[in-house]
1. List the residue pairs whose Cβ atoms are under 6 Å apart, where the first residue sits in segment A:6-29 and is within 28 Å of B:A43 (Cα to Cα), the second is in a helix (DSSP H, G or I) and hydroxyl-bearing (S, T, Y), and the two are 6 or more positions apart or on different chains.
2. Can you go through B:R224, B:R211 and tell me which one is within 17 Å of B:E302 (Cβ to Cβ) and not assigned by TED's automatic domain parsing to the domain that holds B:E311?
3. In segment B:206-232, what count of residues is obtained for those that are closer than 15 Å to B:E277 by Cβ, of a type in the set (A, V, I, L, M, F, W, C) and in a loop (DSSP other than H, G, I, E, B)?
4. Just one of (1) part of a helix (DSSP H, G or I); (2) within 28 Å of A:R73 (Cα to Cα); (3) charged (D, E, K, R) trips up B:R18, so point out which.
5. Which of the residues that make up segment A:55-88 are in a helix (DSSP H, G or I), in contact with a strand residue (DSSP E or B) (Cβ under 8 Å, 6 or more places away or on another chain) and at the interface with chain B (Cβ under 8 Å from one of its Cβ atoms)?
6. Restricting attention to segment B:49-95, report how many residues are exposed (fewer than 15 other Cβ atoms within 10 Å of the Cβ), outside any helix (DSSP H, G or I) and more than 10 Å from chain A (Cβ to nearest Cβ).
7. State yes or no: is B:E119 more than 14 Å from B:A40 (Cα to Cα), out of contact with any Cys (no Cβ under 8 Å at 6 or more places or on another chain) and part of a strand (DSSP E or B)?
8. Kindly indicate the residue of segment A:44-54 that is of a type outside the set (S, T, N, Q) and more than 7 Å from chain B (Cβ to nearest Cβ) and also surrounded by the most Cβ atoms within 10 Å (Cβ to Cβ) among those meeting that condition.
Amino acid sequence: MNVGDALPPLEIPVTRTLIVAGAIASRDYQDVHHDAELAREKGSPDIFMNILTTNGLVGRYVTDHLGPHAVLRKVAIRLGAPNHPGDTMTLTGTVSALDGDTVEIRVVGANRIGHHVTGTVTVTLGAGA
Amino acid sequence: MTGDAAAGSAERDERDERDERDERFHHLLKTFEGRPAATAGRAKDAVNEPMIRHWCEAMGDTNPAYRGPDAVAPPTMLQAWTMGGLSGHTDRSSAYDELLALLDSAGCTSVVATDCEQEYLRPLRPGDTVTFDAVIESVSPRKTTRLGTGHFVTTRMDVRANGEPAGTHRFRILKYALAAAPPKAPPRPARPRPVINRDNQGFWDGVREHRLLIQRCTACSTLRFPWLPGCNACASPGWDTVEAAGTGTVFSYVVMHHPPFPAFDPPYAVALVELAEGVRVIGNITGVPYDKVRIGMPVRLEFLRVDDTLELPVFRGEAG
């Protein structure tokens, strides 16, 4: 693995089910993540993905690629364009730093509006990696 | 002081006042920095396999590290363990509630999470008891975003498992007032339509064919413009038409500055053009800046397509 290496992209179909299941699995009952009518009242065109789900998907993207021995050390994300039902979020990643068995990966999740998420994930490659 | 200067100064005063008010409010918000956001928080559930499984199902995460007898919780679940859930938080500090209420009262009733920075110090395993404390790190000055105007509130949470440091969780939300839907630019009002009646129908028929028709008295041959039912010279109602050759000179003109009419972009020149045939016609001058129009300037007729249903004769100034 080298700095600059790209991870294979991962396409996440952003379904209504994913948004609601992610919100509830993360114990986030804010109405904008499950109730389209109330989301619209609050100025959003539809429900949108909560940050905990995005965080979980970013972590999954990196460990899917690096395998079960890789351990997440840091995940820092910033949200931009919301993920609405019907969107597809494409996660891409690039190795941005390497230090011993610690790898830093820049991750971007883009949907049709723009960058839903940009972030940095720091991982240690465990035994067997 | 002129009226404009007075209005400008009043606007400035208003802006200064708003800036001052913003600054005072931000000063008040900043007094919350360093105060606790949650004290001695305790997760509603110990780390447990069902919640881990539900999380992994939702995320589509099949990592074997999160299953089986040696399972750990997905590290990115860190915040999930600390969530209040449907029954809400019971461990929020009064300072945090007070801060949010203050922002609500300033109209910043909407909330969106913008940043999450987590560091994982020790894996969480089923059975671990999760406790946490959080502090209000910072409250930003008033910011205007695409969503609306509000304040970013950053908290930092220390999460422990069975009393041992397990991770840190920095979280930023934007508390904001919904931006009003951007006002749609009203469509530019259409230019006024000509009033067409049986006395001038022939003129507008000519315009449609790109011909500028002058009325001629069939009794005394006097040309007349604008179109009228009878001759100014001999009062005869009989007439036919002569097509203007299209050349002329500026006989007189005005420049419209004020008041602005919605369909027009002032300043613009309106000229009284004397046609080669001797009659005078009012029209816009094109091709020459309004301040370069001069009496005596030669002009040539052309037709301006104003919109779908309107064409007008105008006069292009000829250089020289």
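The values are calculated or read from the model by the stated rules, or taken from the named source; none is laboratory data. Keep in mind that this is a model prediction, so the values were computed, not measured. Heads up, the Cβs are rebuilt from the backbone with ideal geometry, glycines too, and the neighbour counts pull from every protein chain shown.
1. A:G22/A:T53
2. Answer to the selection: B:R211.
3. To start, the set of residues in segment B:206-232 that are closer than 15 Å to B:E277 by Cβ comprises B:206, B:211-217, B:221-227.
If we keep only those that are of a type in the set (A, V, I, L, M, F, W, C) too, we end up with B:212-214, B:217, B:223, B:225, B:227.
With the extra rule that they be in a loop (DSSP other than H, G, I, E, B), the set shrinks to B:212, B:225, B:227.
The number of residues fulfilling the criteria is 3.
4. Here B:R18 meets the rest and fails (2).
5. Filtering segment A:55-88 for residues in a helix (DSSP H, G or I) gives A:55-66.
Retained after the next criterion (residues that are in contact with a strand residue (DSSP E or B) (Cβ under 8 Å, 6 or more places away or on another chain)): A:55, A:57-59, A:61-66.
Within segment A:55-88, A:N55, A:L57, A:V58, A:G59, A:T63, A:D64 qualify.
6. Qualifying residue count for the region: 4.
7. Answer is yes for this residue.
8. A:M49
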